[in-house]
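Here the structure comes first, spelled out in structure tokens, and everything after it is commentary.
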Amino acid sequence: MKHIYSNILKFNQKNLQKIIKTLKNSGILGLPTETVYGLAGNAYSLSAVKKIYKYKRRPKINPLIVHYYNLKQANKDVVLNKDFYKIYKNFSPGPITYILKKKKNSNITPLACANLKTVGVRFPRNQVIRKILNKLDFPLAMPSANQSSGLSPVNPYDVSEEFNNKIKVIDGGSSKFGIESTVINLSGKISILRPGVISPEKLSKILKRKILVTTKQKKIRSPGVLKKHYSPNIPMKLNQLSAPRNYAFITFGSKYPVTKNSFNLSKKSNLNEAAKNLYKFLRLIKKKKFKKIYVVKIPYTGIGIAINDRLKHAAVK
Ligand code: TXA
Ligand code: MG
């Protein structure tokens with residue numbers, strides 16, 4: 001398919017050279033991952049990281065996730081502990097971010113971590129981003145490629161829209177999961193700072209103790225720092241049984257038909273499918289200019305915990 005957007009580039013050998021060159025020169029790019037698309041720049045370069053904050057209009061107190069190709073690279077910047085290795089073995093590369101202590105001699109530019117003593121570290125699984133990381137001698141700082149507090153992009157067109165076609169984006173198709181990585185704090189008392197693709201149940205099993213979701217940490221400036229987040233900027237009401245016909249109605253399960261105003265996250269009641277559809281539908285509802293959104297109750301289990309978290313934040317006025 002030919003792109004109508006000249007800023008969306010195919011991933012091929014020729015463009016890989018261009019991507020490497022741009023990133024080496026502290027440029028920034030929209031890149032695919034298996035969760036959502038990110039806005040990427042050299043995590044060792046202050047000028048690249050400054051551009052990321054500026055383009056996203058992100059408050060400088062909100063740290064970025066640093067993405068690595070492998071353990072050897074990450075080991076230069078952060079302290080890898082026992083619990084980290086246990087989870088890493090099971091879930092990385094993949095949709096999980098570890099908060100770890102930063103090493104004193106780390107090259108990460110302090111702004112990337114909002115001057116904290118910790119770093120959010122992720123090893124993405126998507127093959128496009130892995131092929132890029134493999135060619136670099138620095139990790140990539142990469143927040144979701146959206147304007148601060150808005151909806152995360154799940155395909156290259158979403159990214160382009162977020163930045164008025166001013167950012168180059170590499171086409172990696174639709175994001176496999178469509179919702180962000182789980183953020184787990186391993187730098188102190190272990191807890192989940194942002195529920196995501198990997199559920200608390202799965203993490204509890206690996207670490208052989210109950211891991212809680214505590215999005216309201218005092219010391220750590222975490223995803224909860226900005227109450228309103230992941231938001232379509234349309235008033236939303238959760239846990240509804242029905243909706244007036246002029247409101248958008250987000251549903252789940254076989255008893256809800258798809259109509260002009262109703263959007264079924266998963267007719268089969270599959271929570272993975274629902275997570276994948278969430279941002280896609282919210283963006284569509286915004287385009288259709290609905291004035292209000294009602295949402296049915298979504299099961300609070302597995303990836304459903306992440307869906308509920310995003311809906312709660314999105315519904316903040
Ligand atoms: O799936 C994902 O994680 C995507 C893809 C692109 O990798 N990235 C992403 O980044 O969602 P972002 O910046 O939108 O969300 C990262 C969250 C932020 O809310 C931030 O507060 C938290 O991770 N975070 C990053 N570093 C942290 C740190 N050192 N301590 C506590 N929280 C941190
Ligand atoms: Mg984000």
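The values are calculated or read from the model by the stated rules, or taken from the named source; none is laboratory data. Bear in mind the structure is a predicted one, so any value in this text is a computation, not a measurement. When we count neighbours, we look across all protein chains shown, and the Cβ atoms used for this are built from the backbone with ideal geometry, even at glycine.
Summary table
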read-out: Residue tally, condition within 13 Å of ligand 1 (Cβ to nearest atom), at pLDDT 95 or above and over 18 Å from residue 19 (Cα atoms), over segment 156-188; value: 15
read-out: Strands (runs of 3 or more DSSP E) (entirely within segment 1-84) containing at least 3 residues that are among the hydroxyl-bearing types (Ser, Thr, Tyr) and crowded, with 21+ Cβ neighbours inside 10 Å; value: none
read-out: Residue satisfying condition, being of a type in the set (Val, Ile, Thr) and either closer than 30 Å to residue 44 by Cβ or within 11 Å of ligand 1 (Cβ to nearest atom) (or both), within set 206, 250, 211, 192; value: 192
read-out: Subset of segment 113-149 (residues that are under 21 Å from residue 170 (Cβ atoms), among the aliphatic types (A, V, I, L, M) and in contact with a Pro (Cβ under 7 Å, 6 or more places away or on another chain)); value: 128, 129, 145
read-out: Residue within segment 156-166 that is among the charged types (D, E, K, R), more than 30 Å from residue 6 (Cβ to Cβ) and assigned to a loop (DSSP other than H, G, I, E, B) present; value: no
read-out: Counted residues, segment 122-148 - those being of a type in the set (A, V, I, L, M), within 30 Å of residue 232 (Cβ to Cβ) and either without any contact (Cβ under 8 Å) to a residue 12 or more places away in the chain or part of a loop (DSSP other than H, G, I, E, B) (or both); value: 2
read-out: Within segment 27-74, tally of residues that are over 16 Å from residue 120 (Cα atoms), within 16 Å of ligand 2 (Cβ to nearest atom) and of a type in the set (D, E, K, R); value: 5
read-out: Hits in segment 133-166 (condition: touching a Leu at 6+ places or on another chain (Cβ under 7 Å) and either within 11 Å of ligand 2 (Cβ to nearest atom) or β-branched (Val, Ile, Thr) (or both)); value: 142, 143, 145, 149, 151
read-out: Selected residue (only one of 258, 296 is of a type outside the set (Lys, Arg) and over 24 Å from the mean Cα position of the chain (by Cα)); value: 258
read-out: Test: residue 115 is in contact (Cβ under 8 Å) with a residue 40 or more places away in the chain, in a loop (DSSP other than H, G, I, E, B) and out of contact with any helix residue (DSSP H, G or I) (no Cβ under 9 Å at 6 or more places or on another chain); value: no
read-out: Failed item, numbered, when residue 100 is tested on (1) within 23 Å of residue 203 (Cα to Cα); (2) within 16 Å of ligand 2 (Cβ to nearest atom); (3) hydrophobic (A, V, I, L, M, F, W, C); value: (2)
read-out: Scan of segment 156-201 for residues that are of a type in the set (Ser, Thr, Tyr) and over 22 Å from residue 132 (Cβ atoms), ordered by number; value: 182, 187, 191, 199
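Conditions (1) of a type in the set (Gly, Ala, Ser); (2) more than 16 Å from residue 139 (Cα to Cα), marked per residue:
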position: 13; (1), (2): no, yes
position: 20; (1), (2): no, no
position: 23; (1), (2): no, no
position: 27; (1), (2): yes, no
position: 36; (1), (2): no, yes
position: 40; (1), (2): yes, no
position: 49; (1), (2): no, no
position: 52; (1), (2): no, no
position: 59; (1), (2): no, yes
